[in-house]
């Protein structure tokens, strides 16, 4: 989908003009999970992208709810947490419409979200399944190279990191990062005391995701 078509679709669905500055948002969802986890993560990722990949994203991410029409104003929406996730039928329909209209949802499991999320994904895409994104996908190639795919940032259960996604018309529209915890790597250094090389991997992978969402 070209940029002009995406903008027209977003304006049509939101009923408002998009701002000229780039903005991204955090998804506030129902179910009791801590959607607000990792408060320093996105501001740090935004600063990294603006400094390194020529974006001009507003410093503070917005908060948007699953059922809101303002969802359509953002080319990239981030979702995270540790616990329960719930989408009503209205919310699921709104998120689905947003994604099919050209939006991008990145869900980063902060540990414990995965079983709840899988159940709710059926509401959003009853006709599609989460599939593993191969290491040769564009999202792992630019602007930073990850030849082995998604990096491992936090151990959690010690399982391999997985990038799962929903594909529509040969485009990745929803990315679920599992057993990686990129958001922890984006946070201020003193929050998790990650080595600098681990933080850099997390930020670079985040920059790849932002770049993909903005360009595709």
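The values are calculated or read from the model by the stated rules, or taken from the named source; none is laboratory data. Quick caveat: nothing in here was measured; it's all calculated off a predicted structure. Here the Cβ is made from the backbone with ideal geometry for all residues, glycine too, and neighbour counts use every protein chain on show.
Here is a list: 175, 130, 117. Which entry is touching a strand residue (DSSP E or B) at 6+ places or on another chain (Cβ under 6 Å) and farther than 21 Å from residue 24 by Cα?
Criteria check complete, one pass: 130.
Answer yes or no as to whether residue 198 is under 11 Å from the mean Cα position of the chain (by Cα), in a helix (DSSP H, G or I) and within 15 Å of residue 41 (Cβ to Cβ).
So residue 198 does not fit the description; no.
Regarding segment 144-161, can at least one residue be identified that is modelled with pLDDT of 95 or more and assigned to a strand (DSSP E or B)?
There is no residue in segment 144-161 that is modelled with pLDDT of 95 or more and assigned to a strand (DSSP E or B).
Among the residues of segment 157-212, which ones are under 18 Å from residue 125 (Cβ atoms) and surrounded by fewer than 17 Cβ atoms within 10 Å (Cβ to Cβ)?
Correct list: 167, 168, 169, 170, 171.
Check segment 2-14 and report whether any residue there is modelled with pLDDT of 95 or more and either closer than 20 Å to residue 187 by Cβ or assigned to a loop (DSSP other than H, G, I, E, B) (or both).
No, segment 2-14 contains no residue that is modelled with pLDDT of 95 or more and either closer than 20 Å to residue 187 by Cβ or assigned to a loop (DSSP other than H, G, I, E, B) (or both).
Working carefully through the options 125, 140, 72, find the one that is without any contact (Cβ under 8 Å) to a residue 60 or more places away in the chain and more than 14 Å from the chain's Cα centre (by Cα).
125
If you take the residues in segment 75-89 that are free of Cβ contacts under 8 Å to residues at least 60 places away in the same chain and not in a strand (DSSP E or B), which one is farthest from residue 60 (Cα to Cα)?
So, considering only residues that are free of Cβ contacts under 8 Å to residues at least 60 places away in the same chain and not in a strand (DSSP E or B), the one farthest from residue 60 (Cα to Cα) is 89.
I need the full set of residues from segment 162-172 which are within 15 Å of the chain's Cα centre (by Cα) and part of a loop (DSSP other than H, G, I, E, B), in order please.
Answer for segment 162-172, where residues must be within 15 Å of the chain's Cα centre (by Cα) and part of a loop (DSSP other than H, G, I, E, B): there is none.
Which of the residues that make up segment 37-52 are touching a residue at least 24 places away in the same chain (Cβ under 8 Å) and part of a helix (DSSP H, G or I)?
Passing the criteria: 41, 42, 44, 45, 48, 49, 52.
What are the residues in segment 65-80 that are crowded, with 23+ Cβ neighbours inside 10 Å and in contact with a strand residue (DSSP E or B) (Cβ under 6 Å, 6 or more places away or on another chain), if any?
71, 74, 77, 78, 79, 80
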